[in-house]
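Data first, discussion second: the structure below is written as structure tokens.
The values are calculated or read from the model by the stated rules, or taken from the named source; none is laboratory data. These numbers come from a predicted model, not from an experiment. All Cβ positions, glycine included, derive from the backbone under ideal geometry; neighbour counts span all protein chains shown. Keep in mind that these areas ignore ligands, DNA and RNA; they rest on the heavy atoms of the full protein, side chains included. Shrake-Rupley method; radii C 1.70, N 1.55, O 1.52, S 1.80 Å.
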Amino acid sequence: MEEIRRKRVLMVPAPYEGHLPSMMNLASYLSFKGFSITIVRTQFNFKDISAKFPHLHFVTIDDGLSGSSLGLVDFLLKLNSVCEPLLKEFITLHNDVDFIIHDEFVYFPRQVAEDLNLPKMVFSASSAATSISRCVLMDLQEKGLLPPQDERSQHEEMVPEFHPFRYKDLPVTAYGSMERLMLLYGNVSKRGTSCGIIHNSSESIEKDFTSAAQVKWGVQIYSIGPLHMTDFATSCPSLFDEERNCLEWLDKQQPNSVMYISIGSLAMTKEEEFVEMAMGLVQSEQPFLWAIRPGSITGDESLDSLPEQFRETVTDGRGFVVKWAPQKEVLGHQAVGGFWNHCGWNSTLESISCGVPMICRPYSGDQRVNTRLMTHVWQTAIEVEGELDRGIVEMAVRRLIVGPEGEEMRKRAIILKEEVEVSIRIGGSSRSALNSLVDSIRSS
Ligand code: UDP
């Protein structure tokens with residue numbers, strides 16, 4: 001009997017810690033649903049993850065950018081221009097691709113798909129609110145209505161018709177000029193010719209923004225997340241080595257007592273802020289677990305450079321420092337009572353999925369949007385703005401871990417977690433969106 005050919009879906013993740021795992025979860029699910037999957041990787045930030053996904057086919061584009069020192073925005077613009085002809089050549093040569101799904105930041109497959117007449121979808125590893133906020137930012141910039149950059153961080157004024165966001169919550173970047181960012185966002189936001197937009201998000205937490213995105217782009221929006229919570233999630237090897245010994249230390253702490261601190265894979269802290277953070281943690285008198293990613297401090301990042309009192313706190317066992325934590329397990333540990341974070345979308349979803357309230361200190365891009373969602377829509381976080389000093393850190397930690405306000409936020413965070421859990425179960429909004437997505441790819 002002749003074997004029925006499986007449809008081949010070519011998937012292109014962005015080469016970053018905050019983007020790859022969620023797309024790999026979707027890839028695993030599509031494979032389980034009977035599609036053949038090809039994952040296209042870049043040489044930049046490459047780590048071999050194929051052993052963890054033996055059912056998927058991996059190829060690497062010879063982009064020649066593995067040692068690139070460009071800033072994030074310029075790098076992405078360059079990566080897209082370099083990879084477009086290479087991908088076209090690859091697909092033409094193999095001639096077996098039926099469908100393309102690409103991360104919103106690696107938009108080079110869009111033109112390739114159009115040239116080769118292949119259906120395509122955009123995958124966004126962030127929220128629908130973020131997608132819209134980029135368009136709001138571009139529109140204001142084009143009309144010359146943005147407050148000047150040096151005043152923006154002070155600007156409390158709300159953006160008209162974009163409740164509850166202020167001008168200062170819009171996703172400007174620390175990693176490139178405004179001009180280049182607008183060019184990037186312009187490319188990222190061209191989605192009207194896709195057959196759909198997939199978000200690693202859930203309608204249960206951002207229904208209004210999902211509806212607004214649907215109206216804006218006029219194509220189906222599939223909010224299928226949080227993917228890491230689904231029963232088919234596979235843990236994707238990290239670009240960094242996890243230090244799992246912190247879990248044993250957490251086992252010895254009281255429930256909801258520990259402040260966990262991490263700022264993701266890209267954000268940077270100034271040396272002065274690093275010292276203030278350390279001393280604020282000492283003064284808070286709460287146990288803490290601090291993930292200090294190598295290279296994340298501009299200046300001296302060794303613990304030896306921190307005040308003696310801090311080092312004693314760690315030696316005495318009240319504090320624990322790692323370079324990279326097994327974050328999802330940390331957040332799911334009963335000892336963790338609060339999460340100090342830059343509000344990257346994955347970290348935001350991970351804190352929601354564990355019902356842990358947050359202290360948000362956004363650095364760049366969508367982190368500002370996510371912070372506002374946390375503090376003003378879901379009300380499960382406080383924001384720490386402006387220059388950081390040890391007193392501010394101490395107060396924030398105490399407010400969240402021991403104060404009544406933190407207790408209220410923890411209750412709301414648990415309700416939010418339950419709502420999201422319902423959305424990924426059979427019959428829930430994310431699960432239904434996932435089924436529709438599979439049907440749509442099958443029938444395309
Ligand atoms: N992460 C981790 N250990 C750490 C710090 C971060 O595993 O010590 C993971 C975290 O769980 C999340 C990802 O790194 O999945 C960071 O993604 P996010 O979108 O939050 O931030 P980004 O790195 O993109 O700024």
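Note that region 1-102 presents 47 Å² accessible area per residue, ligands and nucleic acids not counted, probe 1.4 Å.
Rolling a 1.4 Å probe over the heavy atoms of the protein chains gives region 240-332 an accessible area of 46 Å² per residue.
Scaled against 2.2 N^0.38 Å for its residue count N, the alpha carbon radius of gyration of region 220-311 is 1.36. Rg/Rh for region 1-148 (Cα atoms only, Rh after Kirkwood) is 1.01. Taking only the Cα atoms of region 65-137, the ratio Rg/Rh comes out at 1.02, with Rh defined as the Kirkwood radius. If you take the alpha carbon atoms of region 264-306 and fit the smallest convex hull around them, that volume is 74 Å³ per residue.
Take every Cα pair under 8 Å whose residues are at least 6 apart in sequence, average their separation, divide by the length of region 42-82, and the relative contact order is 44 percent.
Rounded to whole Å, the principal axis extents of the Cα atoms in region 292-444 read 63, 36, 30, largest first. For the peptides 307-317, 128-138, residues were scored by their other Cβ atoms within 10 Å and the scores averaged per peptide; the highest-first order is 128-138, 307-317. Peptide packing: for 320-328, 393-401, the average count of neighbouring Cβ atoms within 10 Å per residue gives the ranking 393-401, 320-328, highest mean first. Can you spot the aspartates and glutamates whose alpha carbon is less than 17 Å from Lys417's alpha carbon? Ignore those fewer than 8 places along the same chain. The reachable aspartates and glutamates, counting only those whose Cα sits under 17 Å from Lys417, are Glu203, Glu206, Asp231, Glu329, Glu350, Glu407, Glu408.
Taking all Cα pairs closer than 8 Å and separated by 6 or more residues, the relative contact order of the chain comes to 16 percent. Within the accessible area of the chain, the carbon and sulfur atoms contribute 49%, probe 1.4 Å, all protein chains present. The lysines whose alpha-carbon is closer than 23 Å to the alpha-carbon of Lys120, local same-chain residues fewer than 8 away aside, are Lys7, Lys33, Lys78, Lys88, Lys190, Lys216.
From helices alone, the chain scores -13000 deg cm²/dmol at 222 nm; the rule is -39500 (n - 2.57) for each run of n ≥ 4 DSSP H residues, then divide by the residue total. Here the peptides 188-195, 258-265 are ranked by packing, the mean other Cβ count within 10 Å, and the order with the highest first is 258-265, 188-195. Each distinct pair of alpha carbons in the chain adds a 1/r term; the inverse of their mean, the Kirkwood radius, is 22.6 Å. If you look at the Cα atoms of region 352-436, you get an Rg and a Dmax of 15.3, 50 Å.
With springs connecting C-alpha atoms under 10 Å apart, model the chain as a Gaussian network and identify which of Asn45, Asn187, Asn95 has the largest mean-square fluctuation. In this elastic network of the chain, the residue with the biggest mean-square fluctuation among Asn45, Asn187, Asn95 is Asn95.
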